[in-house]
């Protein structure tokens with residue numbers, strides 16, 4: 001075999017090796033990505049021609065109706081509350097407190113405002129169920145928590161004593177109240193700590209001074225205490 005023939009034979013072998021490598025890469029690509037691509041393409045094409053659904057829409061799947069609550073108190077000192085909101089394509093509203101239907105109304109407007117009751121002491125779960133007259137469409141609002149409390153908050157003034165006479169122009173006012181209660185002394189806000197204790201300083205004028213302390217909770221209950229302190233210079 002001549003030198004030229006050997007060179008040609010070597011080139012042929014190199015081509016065969018290259019072709020084999022390319023062949024195996026193509027086969028690997030087809031099995032790795034081609035099948036997945038084929039499935040995705042098939043799903044896309046089938047999505048363009050969806051089969052008609054034989055499952056009827058449930059009452060809560062109607063997209064052309066809505067029920068929304070726009071106004072409802074988070075806390076109240078009354079057993080009865082007013083709820084306002086808006087609706088679309090509904091004729092009947094049922095009002096529920098703690099899973100019990102308390103009121104049902106029929107209306108023809110797109111808005112509503114209704115007084116309902118009676119709340120229980122503490123947290124109450126409130127929601128509305130809206131229906132069409134033929135009962136084919138039905139939706140519930142989300143459930144709201146309404147806190148009901150009608151007792152005044154505790155309020156104790158430990159310092160100063162009522163009818164105190166002092167020669168200090170500035171005195172401390174200390175006391176305690178319930179947790180999550182807002183306190184004002186002479187109409188100025190005072191910080192209440194996690195245990196319900198509060199403390200502030202009041203500057204006195206000559207003669208008799210009236211110090212008014214007010215405690216109000218989130219439900220709107222208010223308690224007021226007034227004490228008299230007389231300031232006399234030495």
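Throughout, read-outs are computed from the coordinates displayed, never taken from laboratory work. What you see is a predicted model; the values in this text were computed from it and never measured. Ideal geometry is used to build each Cβ from the backbone, glycine not excepted, and the neighbour counts take in all protein chains shown.
Assorted remarks:
- Rg over Rh, two decimals, the stretch 155-231 (C-alpha only, Kirkwood Rh): 0.98
- Subtracting the Cα-Cα distance of residue 184 and residue 233 from their residue separation scaled by 0.36 nm leaves 14.9 nm.
- Separation of alpha-carbon centers, the stretch 70-90 and the stretch 189-234, rounded to whole Å: 35 Å
- Given R0 = 22 Å, the distance between the Cβ atoms of residue 193 and residue 170 translates into a calculated FRET efficiency of 0.55.
- Cα-only radius of gyration and Dmax that characterise the stretch 59-148, units Å: 12.8, 38
- Potential extension, residue 135-residue 151 segment - 0.36 nm per residue separation minus Cα distance: 1.6 nm
- Added length on full extension, which subtracts the Cα-Cα distance from 0.36 nm per residue, residue 161 to residue 201: 13.0 nm
- Ranking of 187, 217, 118 by count of other Cβ atoms within 10 Å, fewest first: 187, 118, 217
- Debye intensity ratio in log₁₀ form over the Cα atoms of the stretch 127-181, taken at each q of 0.20 Å⁻¹: -0.87
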